[in-house]
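Working notes, structure below.
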Amino acid sequence: MKIQAPKGTYDLLPNQTILWRHIEAQIHQIFTEYGYDEVRTPMFEYTDLFQRGIGDTTDIVEKEMFTFSDRGERSLTLRPEGTASVVRAFIEHNLANQGSIAKLYYYGPMFRCEAPQAGRFRQFNQFGAEVLGSKDPRVDAEIISLAVNFYRRLGVTDLDVNLNSIGCTECRPLYRQKLIEHLRPKSEKLCPNCQRRLERNPLRLLDCKNESCRRLTEDVPLITTTLCPDCGEHFEKLCKILDSCDIKYKLNPRLVRGFDYYTKTVFEVLAGDLGSQNALCGGGRYDGLVEECGGKPTPGIGFAAGMERLMMVLEARSLTPAVEKRPHLYLAPLGDEQQVIVFSLCIKLREAGWIVETDLQGRSLKAQLKSADKSGTPLVGIVGEDELRNNQILIRKMNTSEQELISIENLAGYLEHFYEK
Ligand code: HAM
């Protein structure tokens, strides 16, 4: 029986890796420009980190983690997201002691055992940023504008930014109470998950994907009416800064996002053509998370973005880069001895920076010319018996079929001249 890739995973094939690498390059570019340093954390962590960080009544922790035991029976989990790990690393390595705020970014695979569908995988890749150590709403604005500008650079300009504030430990208890009181009379009609979460974590109900729960929560009181003065002022300042730097957003008072660590600002960037999994990225502030994970009280904010969904958008809109990977030269040896000479010539030229292809199957000249043509190279170098005897190579220009004999010694110079390097 053929073995297939596990459910919810995929192979990135050569025709997609060009675009993938283009996005990767843009990621490193933009984060460098905005002053972020890269961190790489392990792909698995002790399970408690996510239970404590993300919250044990969230979908991720309740249903979606890949959790297993090590040989010492300690529970480990493949990271479902990057924020908790970055915060753990920030505390573990005292990154706060190094003076100013920490601006960190990361990129890599995440794992969630969700039902796979278009744009939703069990192993997927995120890039994201976390800023630790500042309460200033300008940091919220920097994170949101960085995300939006990143998509703009790639040509995705028609985005929806949904924005909300979900308050803080001061004002959220009041809102929770209001929500519980509003929803309690309808509790029997809620899905079993929401019924269970209603008293413990009622904000989660606003994030339930179940259609009937969505309807039942349509007329809930809005969180924006209960924000304390500090949260209200923070949100107002953030909106003002975003207005000043041409970031359009929609206020969405129902946006709560699926993590318990958020405080104040939450946001999502949506692309209309993604169908139901339409969030390209999401993030928010988490002023209590560092403390929750055992560090000194430190405010934080960040976002993470899905690579696969971005790939889908770029492919659907044909926003793919024209990447030059045509060989500069295709070398065609005819005969055993010629193959050895050509082989070492290829290595030499490649070490000098030329993209060189050759035949590794001992095929006929006709077959080799066909491959050369397919590769898109403008030049083929043929080494037959006569050429070998005279230390020469027959250069053929593919567009005109013009041919000329040059000495092998002069090949690098010929290429430099041809490509004007
Ligand atoms: P998230 O909204 O769960 O947030 O994920 C961020 C992005 O990752 C989503 O908008 C989506 O593009 C992508 N994504 C999530 N799950 C999947 C999946 N199963 N398949 C494909 N793509 C997916 C976070 O992860 C937070 N850690 C963001 C954050 C950083 N908040 C503060 N700092």
Amide hydrogen neighbours beyond the local backbone of residue 263, cut-off 5 Å, H modeled: 285, 286, 287
Of the trypsin sites (Lys or Arg not before Pro) in region 318-375, those whose Cβ has at most 12 other Cβ within 10 Å and which sit in DSSP loop: 325
Return the loop-located trypsin sites (Lys or Arg not before Pro) in region 44-80 (DSSP other than H, G, I, E, B) with at most 16 other Cβ atoms within 10 Å of their own Cβ; answer none if there are none. 71, 74
Once the cut-off is 37 Å, how many percent of the Cα-Cα pairs in the chain end up in the long-distance tail? 40 percent
Please compute the length gained on full extension between residue 195 and residue 350, using 0.36 nm multiplied by the number of residues separating them and subtracting their Cα-Cα distance. 49.3 nm
Kindly express, to the nearest 10 degrees and within the range 0 to 90, the angle between helix 229-244's C-alpha long axis and the longest C-alpha principal axis of the chain. 30 degrees
Give me the net charge of residue 139's neighbourhood, meaning all other residues with Cβ under 12 Å from the Cβ of residue 139; Lys, Arg count +1, Asp, Glu -1. +1
What is the set of long-range amide H partners of residue 392 at a cut-off below 5 Å, with H atoms built 1.01 Å from backbone N? 408
Over 27 Å between C-alpha atoms is what I'm after, so list which of 135/209; 135/240; 348/374 land there. 135/209
Taking the Cβ of each residue in 212, 100 as the centre, tally the other Cβ atoms inside 10 Å and list the residues starting with the fewest. 100, 212
Arranged by the count of other C-beta atoms within 10 angstrom, fewest first, what order do 402, 92, 81 take? 402, 92, 81
To make sure I understand, if each residue's beta carbon is the centre and we count other beta carbons within 10 Å, what order do 140, 48 fall in, fewest to most? 48, 140
With -39,500 (n - 2.57) per DSSP H segment of 4 or more residues and division by the full residue count of the chain, the 222 nm estimate, nearest 500 deg cm²/dmol, is -10500 deg cm²/dmol
Long-range HN-HN contacts of residue 332 with modeled amide H, under 5 Å: 381, 382, 383
J(HN,Hα) series, region 248-259, from Karplus relation 6.51 cos²θ - 1.76 cosθ + 1.60, nearest Hz, glycine and proline x: 7, 9, 10, 6, 10, x, 8, 6, 10, 6, x, 10
Which of the GluC sites (Glu not before Pro) found in region 177-208 are loop residues per DSSP with 12 or fewer other Cβ atoms within 10 Å of their Cβ? 199
What is the distance in Å between the Cα centres of region 130-166 and region 312-344? 39 Å
Cβ-derived FRET efficiency at R0 60 Å, residue 391 paired with residue 20, nearest 0.05: 0.90
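Bear in mind that the values in this text are calculations on the coordinates, not laboratory data. All values reported here derive from a predicted model rather than from experimental measurement. Please note: Cβ atoms are built from the backbone with ideal geometry, for glycine as well, and neighbour counts cover all protein chains shown.
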